[in-house]
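Worksheet: the structure to be examined is printed underneath.
No value in this document is a laboratory result; all are computed from the given coordinates. Being a predicted model, the structure only gives us computed values, none of them experimental. Neighbour counts are summed over all protein chains in view; Cβ atoms, including those assigned to glycine, are modelled from backbone coordinates with ideal geometry.
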C-alpha cells in the first residue's frame, strides 16, 4: 500500500495534493459559524422562457433501464421528442416534491446533495428537439422550463472542436451539460465541497443515463471538452462556474428501425 501511495504522489502530485488537503481530520471539521444556508435555484428573468410539458412516466422498470444502458455514438437523424426531454430534466435534477423543516420549505430533488446545497445546473445544447428552436438553454427546475441563452444551431464542427474531436457530440440532437456553481457548496464545506460537487454530478449523470434507456433513447457520456470555451458558450461566470459533465442524447438507429414495424413509427417520425 505504501508503495502505491508513493507512486501516486510521485506520478500525479496535484491529485495527491488535492486529495490530502481536502481530507477531514479532527482539527479541520466544520466550525459552528459556517454558512450552511442553501441558495434557491437560480432563475434568469431577462431571457426568453419556454415552459416544458408535464413529463409522462416511462413503462420501463429500473432493472430494464440498467440492462438497456449502453454508450451510443450514432443517432438517428430525427428529432428527440420534447416530452422525453421534459422527463430527462425533471427526473434527473428537477423538483419532484416539497417538504418543510419547521417553517422553512425545502424542495425535494432526485439526487442526494451534500448539505442540500444543490450546486449544479443543467444546460442544453439543442440541435433537433421537436417543438423547440435550436439553441443553448438553461433548465429552470422550479418552474420546469427552459431559459434560452443563445438562439440558433451551433455548427457541428464547433461542437466537435469544443468536445475535443468527438464527432458524435457534434452531430447529437441534444447535449445535456451538468455545470457547477462552486460557491453554493464550498461556502459551507471549503475545498472538500469540490468532492461533494463531483459526486453529485455523477448522481445526476447516472439518472440521465438510466432515464435515456427507459425512454428508448441512446446517450453517450462526455468528459473531454475545453472547459473555459464550453463554459463561455453556456454563459457561465467562468471565475466561479464550470461545466463538469456532458451527455449526448438522441434516438437510436435500431429503435427507429424496430419502430418502423409498429404503429408507433407514424407518431415518432411525424414529429421530427
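List of remarks:
- Descending by average beta-carbon neighbour count within 10 Å, the peptides 168-177, 185-194, 21-30 line up as 168-177, 185-194, 21-30, the highest first.
- Relative contact order for segment 68-270, counting Cα pairs under 8 Å that sit 6 or more residues apart, in percent: 27
- Of the residues 136, 142, the one with the fewest other Cβ atoms within 10 Å heads the list, and the complete ranking is 142, 136.
- Counting every other Cβ atom within 10 Å of each residue's Cβ, 127, 92 order from fewest to most as 127, 92.
- Among 105, 55, 119, residue whose mean-square fluctuation peaks in a GNM of the chain (springs only between Cα atoms under 10 Å): 105
- DSSP beta bridges in segment 68-270 [antiparallel fraction, %, rounded to 5]: 95
- In terms of other Cβ atoms within 10 Å, 70, 57 run from fewest to most in the order 57, 70.
- Between residue 153 and residue 57, the modelled labels are 3.8 nm apart [label points 7 Å from Cα along Cα→Cβ].
- Sequence ranges 196-202, 214-220, 227-233, ranked by mean other-Cβ count within 10 angstrom, highest first: 214-220, 196-202, 227-233
- Estimated 222 nm signal from helices in the chain, with DSSP H stretches of n ≥ 4 weighted -39500 (n - 2.57), rounded to 500: -10500 deg cm²/dmol
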